[in-house]
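Down below is the structure, laid out as structure tokens.
The values are calculated or read from the model by the stated rules, or taken from the named source; none is laboratory data. These numbers come from a predicted model, not from an experiment. Ideal geometry is used to build each Cβ from the backbone, glycine not excepted, and the neighbour counts take in all protein chains shown. When the accessible area is computed, the model is the full protein with side chains, heavy atoms only, and any ligands, DNA or RNA have been set aside. Shrake-Rupley method; radii C 1.70, N 1.55, O 1.52, S 1.80 Å.
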Amino acid sequence: MTLVFIGIDLAWTYKNETGICVISESGAVEHLDARVYSNEEILKIIEHYSEEKMCIAIDAPLIVNNEDGSRGAEGELMRSRIHGHRLSAFNSNRNYFTRIFGDIRGETLMQLIRSEFPDIRIGFDNSESNIVETFPTGICCGLFPEIYPIKYKRKPKVAFEKTCRQMDVLLGRLREIETSEGHISGLTSKLEMDSFILTRKMHKHVEDKIDAFLCAYGMYSISKGLAEGRMFGTVEDGFILVPVQ
């Protein structure tokens, strides 16, 4: 039985786009899209691959036991260095998510996935289906230190043209892992575009697709020995898994 890698850049609200990427064990990018998905639609995509072992990597807090403050996972991540860099991470707690969003969507989705597919365990394991929380910024730092920090996401007070230039650098690096390094196939055709002709709305759409790909590719890299997995936090109280070259 082969292992398929499913990356989900999960929107914290049900009205925003979620990115989803599927990479086969051979490295083929079989699916890459971003749109407004319901939890039920995400489950249907996962179900399509349920005859295989699955590694489901989600960019969203999945285990949030603390009512206030931050999880140990974020604190441990921010105190550590990856290739000499310190990373920032959002401090997750139950009160914030329930007050602002009315739900902890990552936790809800993980519970639905495990209810539908009870063989899935929490925590990375090459030998069986699993679900993990990951972090695209950490993946970029861990796998592409030569271009990090890469600020490809739109931010307030940052010129859009500067963000486009940064995205172009990242897109070039992603093309390299397909064309020069040969680790994957089928990505370029699903992402190929000139970042300088993107509208602001389209830029966010491409961000979501990139982040979904990074989630899937990060776990693929660990599985194939291209990187080591570094876990911050604990399975019991929440963790973040990042691949590091």
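Scanning segment 202-236 for residues that are open to solvent by 10 Å² or more (accessible area, probe 1.4 Å) and in contact with a Gly (Cβ under 6 Å, 6 or more places away or on another chain) turns up LYS209, ILE222, GLY233, VAL235. Out of the residues in segment 1-24 that are assigned to a loop (DSSP other than H, G, I, E, B) and free of Cβ contacts under 8 Å to residues at least 60 places away in the same chain, which is nearest to GLY218 (Cα to Cα)? Per the criteria, the residue is SER24.
Whether a residue is without any contact (Cβ under 8 Å) to a residue 40 or more places away in the chain and assigned to a loop (DSSP other than H, G, I, E, B) was assessed, and GLU181 passes this test. Quick one: is LYS153 touching an Asp or Glu at 6+ places or on another chain (Cβ under 8 Å) and not in a helix (DSSP H, G or I)? The answer is yes for LYS153.
Quick grid of which residues meet (1) at pLDDT 95 or above; (2) open to solvent by less than 20 Å² (accessible area, probe 1.4 Å); (3) under 26 Å from SER129 (Cβ atoms):
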position: VAL4; (1), (2), (3): yes, yes, yes
position: ILE8; (1), (2), (3): yes, yes, yes
position: SER24; (1), (2), (3): yes, yes, yes
position: ARG35; (1), (2), (3): yes, no, yes
position: ALA60; (1), (2), (3): yes, yes, yes
position: ASP68; (1), (2), (3): yes, no, no
position: ARG71; (1), (2), (3): yes, yes, yes
position: ARG86; (1), (2), (3): yes, no, no
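Please determine whether any residue of segment 101-115 is surrounded by 15 or more Cβ atoms within 10 Å (Cβ to Cβ), in contact with a Gly (Cβ under 8 Å, 6 or more places away or on another chain) and touching a residue at least 60 places away in the same chain (Cβ under 8 Å). Scanning segment 101-115 turns up no residue that is surrounded by 15 or more Cβ atoms within 10 Å (Cβ to Cβ), in contact with a Gly (Cβ under 8 Å, 6 or more places away or on another chain) and touching a residue at least 60 places away in the same chain (Cβ under 8 Å).
Criterion applied to GLU30, GLU52 was being within 19 Å of the chain's Cα centre (by Cα), under 27 Å from HIS183 (Cβ atoms) and touching a residue at least 12 places away in the same chain (Cβ under 8 Å), and the one residue passing it is GLU30.
Can you tell me how many residues within segment 1-26 are over 22 Å from VAL242 (Cβ atoms) and not aromatic (Phe, Trp, Tyr)? The total comes to 8.
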